[in-house]
Ligand code: GLU
């Protein structure tokens with residue numbers, strides 16, 4: 001089975017040039033329909049699908065009567081405000097004909113970079129996927145200012161793939177993959193697979209070639225770095241033809257970037273290796289036993305809480321001997337963690353109202369250290 005057909009969680013980035021007709025400024029409806037057919041097939045096959053769709057600026061600029069050529073920041077933000085409505089509507093209608101619910105999610109750079117907002121964004125997306133919906137993500141172009149903007153959806157899609165532990169990130173592009181030199185240059189060869197982004201690979205990335213969209217190969221290589229370090233495979237494929245995802249599954253030419261470790265392994269490595277714990281949860285033996293079995297840490301198993309941390313910070317998990325045996329990203333800040341230590345879910349709800357999470361560290365955010373394994 002192809003790597004795409006066997007993936008459990010797939011993120012697909014659709015560039016403006018594919019979705020919006022450059023001459024008329026309208027959505028290419030039949031192409032969109034063919035893509036949605038492919039998305040439906042992947043979902044029937046059991047995969048979660050998240051779409052990252054560009055096109056708001058390309059759609060809105062004409063409606064607003066803005067000039068051709070490069071827009072100023074405020075102009076593109078105004079265009080995005082208009083175009084995003086049409087974009088979301090097009091996705092929503094196309095998915096609805098296949099009985100799939102679309103969910104619009106507009107994010108800014110901070111939503112994927114700041115730990116607390118990252119956890120919130122992830123929780124929302126996880127709930128949408130669990131309910132069978134297809135999130136349609138774009139940058140919140142109207143509020144993002146230039147310094148805090150992604151500006152391109154290639155990197156945004158890679159961040160989403162990393163945040164959601166995706167198996168495959170598909171970048172549908174106006175080109176079928178990576179070439180050793182600009183494809184129109186003599187001697188340029190096609191690269192069908194790579195496992196590492198070396199300086200040579202970076203040197204292969206040329207300048208943007210399409211008129212709309214802000215991507216180009218450089219941002220795709222940047223996306224590749226983010227995806228690979230998160231353990232997510234990435235594929236660059238042409239979106240010019242109908243059924244662009246099906247084409248990948250049946251072996252159309254494309255460039256695969258293959259990750260060494262799985263998404264979960266990379267995530268655990270990141271938690272174990274790079275993050276400095278800023279607090280401690282002292283737990284009972286029962287909780288330790290559950291964590292060894294791969295379960296999440298529940299507030300009921302926590303005896304004491306030490307330190308001053310925010311939601312999403314890294315904390316150590318210890319028994320009363322104080323020796324760290326696990327560490328993870330904590331779902332409550334220190335004040336609330338202290339209030340709910342030792343309590344069962346029902347009591348926590350009484351104390352905190354609706355803003356309650358069942359676990360204090362989710363198992364995906366937890367890694368055993370110092371000889372313990374989960
Ligand atoms: N967020 C922009 C839009 O929807 C597109 C960014 C990009 O071209 O990657 O128009």
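Values in this text are rule-based calculations from the coordinates and carry no lab data. What you see is a predicted model, and the numbers here were worked out from it, not measured in a lab. Cβ atoms come from the backbone with ideal geometry, glycine included; neighbour counts cover every protein chain shown.
Quick rundown of the values:
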{"quantity": "Linear extension gain, residue 270 paired with residue 252, 0.36 nm per residue minus alpha-carbon span", "calculated": "3.1 nm"}
{"quantity": "For region 91-192: relative contact order, % (alpha-carbon pairs under 8 angstrom, 6 or more apart)", "calculated": "22"}
{"quantity": "Calculated FRET efficiency for the pair residue 293/residue 191, C-beta based, R₀ 56 Å, to 0.05", "calculated": "0.85"}
{"quantity": "Distance from region 138-189 to region 259-278 (C-alpha centre basis), Å", "calculated": "23"}
{"quantity": "Length added when fully stretched, residue 202-residue 37, from 0.36 nm per residue minus Cα-Cα", "calculated": "56.0 nm"}
{"quantity": "Mean separation of Cα contacts under 8 Å (6+ apart) over length of region 1-147, as relative contact order %", "calculated": "24"}
{"quantity": "The chain: relative contact order in percent, alpha carbon pairs under 8 Å with at least 6 residues between", "calculated": "15"}
{"quantity": "Two-site label geometry, residue 74 and residue 117: point separation in nm, points 7 Å out along Cα→Cβ", "calculated": "2.3"}
{"quantity": "Ascending count of other beta-carbon atoms within 10 Å, so fewest first, for 358, 364", "calculated": "358, 364"}
{"quantity": "Computed lengthening from residue 92 to residue 308, 0.36 nm per intervening residue step minus Cα-Cα distance", "calculated": "73.4 nm"}
{"quantity": "Gaussian network model of the chain, Cα within-10 Å springs - most flexible of 288, 68, 268", "calculated": "68"}
{"quantity": "Tensor-based shape of region 46-175 (alpha-carbon gyration tensor, a/c under 1.5 rounded, otherwise prolate or oblate)", "calculated": "oblate"}
{"quantity": "Residue exposure sequence - 309, 325 - by fewest surrounding Cβ within 10 Å", "calculated": "325, 309"}
{"quantity": "Rough spin-label spacing in nm, given labels placed 7 Å along Cα→Cβ, for residue 184 and residue 126", "calculated": "4.8"}
{"quantity": "Taking 122, 96 and counting other C-beta atoms within 10 Å, the order from fewest to most", "calculated": "96, 122"}
